[in-house]
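The values are calculated or read from the model by the stated rules, or taken from the named source; none is laboratory data. Here the structure is a predicted model, which means the values were calculated and not measured. All Cβ positions, glycine included, derive from the backbone under ideal geometry; neighbour counts span all protein chains shown. The area values use the complete protein model at the heavy-atom level, side chains included, leaving out ligands, DNA and RNA. Shrake-Rupley method; radii C 1.70, N 1.55, O 1.52, S 1.80 Å.
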Amino acid sequence: MKNLIIRIRIGKHWYEDFEDVNAFDLKWYASIVNGLQTKRILNPENALSVLHHGFRSIGSPKNNSIKIVVSFFLLVTTFSFCQNVYTGSDLKATFFSLTPRNHKVDKVNGMALGVGLDVFEAGTLKTVNGLNVELNPLGILYFMFANTSGFSEEANATINGLHISTGNINNTQTNGLVISFLNIGHASNGISLNGFSTHVTQLNGLHISGFFNSSKLAKGCFISLFNASESCNGFQLGLFNHSTIFKGIQIGVVNGSENTVGVQIGLFNLSKKHKGLQIGFWNINNKRSMPFINW
């Protein structure tokens, strides 16, 4: 929110350099910080002292579970909040972050947990190296309203490592392993396992979806009930496979392509311009239409 100046008291100091912060998240963050300061918890020395005392008391048979939980909470609070309070110089990286975040952190080398990196397009967190977990309750229902007629032109965030999501609906680039119900993004390099579908501009690697694989540029192996792409180099396996330009092997009940170099194996095979082999009950290409085998 531009031109917003809200003064926040942290300890004995006041801070005003939050003019680009989302107002709702700023008030939420300020209430937590000020509350912890009031209880003298949000101070590295005090927090470490409390932690030390808490862990020394774990051996006591009374209230062990409560002390463990409190000590763990203080540990997470200390490293999550104390390290990221604006102190006059921009903080660029952290080990753990909740998402979305609106402070001066743009990289996580460890773990990110929340509802998404840029759900409100207000966060500065753009890179996660490690584990990213997105528990977005709306992600599972997003496919009912998503407009999948086009593809994103560029990525606005990058995830390197393991990405687990109920519904990845951001224009992200993932490099590694994706486990998601629904994956809508810019690029996916590696392996993706999607309960429902994936709709990504660039797919590279192995991608398995329960219902639909859709991409603009695809290289690798694609397994789903329906596979569709504008350009594909590799292997498509499903009930229905279609690619405008295809190089490789298609195996399905119905295989279709505008320009094919390779092999089509299915009940019905159609290629307007074909160089290779067609095997199926009925095969059609620009040269001839034949049952069983065509070339």
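Over region 170-219, with the other protein chains present, what is the accessible area per residue in square angstrom, probe 1.4 angstrom?
With the other protein chains kept in place, region 170-219 gives 33 Å² per residue.
Could you tell me, in Å, what Rg and Dmax come out for the Cα atoms of region 144-273?
Rg then Dmax for region 144-273, in Å: 13.9, 42.
Using θ = phi - 60° and the Karplus curve 6.51 cos²θ - 1.76 cosθ + 1.60, what whole-Hz ³J(HN,Hα) does each residue of region 152-157 get, with Gly and Pro shown as x?
6, 8, 8, 8, 10, 7
Which net charge results when you count Lys and Arg as +1 and Asp and Glu as -1 among the other residues whose beta-carbon is under 11 Å from that of Lys287?
Combined, the nearby Lys, Arg, Asp and Glu give +4.
Carbon-plus-sulfur fraction of the accessible area of region 167-288, 1.4 Å probe, in percent?
The computed percentage sits at 72.
Sort the following peptides by mean Cβ neighbour count (other Cβ atoms within 10 Å, averaged over residues), highest first: 222-228, 267-273.
Going by the mean number of other Cβ atoms within 10 Å, highest first, we get 222-228, 267-273.
Step through the residues of region 179-188 one at a time and calculate ³J(HN,Hα) from phi using the Karplus curve (6.51 cos²θ - 1.76 cosθ + 1.60, θ = phi - 60°), rounding each to whole Hz and writing x for Gly and Pro.
For region 179-188, the Karplus curve yields 10, 8, 6, 9, 10, 10, x, 8, 8, 9 Hz.
Classify region 206-269 as rounded, prolate or oblate from the Cα gyration tensor: take a ≥ b ≥ c as the square roots of its eigenvalues, call it rounded if a/c is under 1.5, otherwise prolate when a/b beats b/c and oblate if not.
Oblate.
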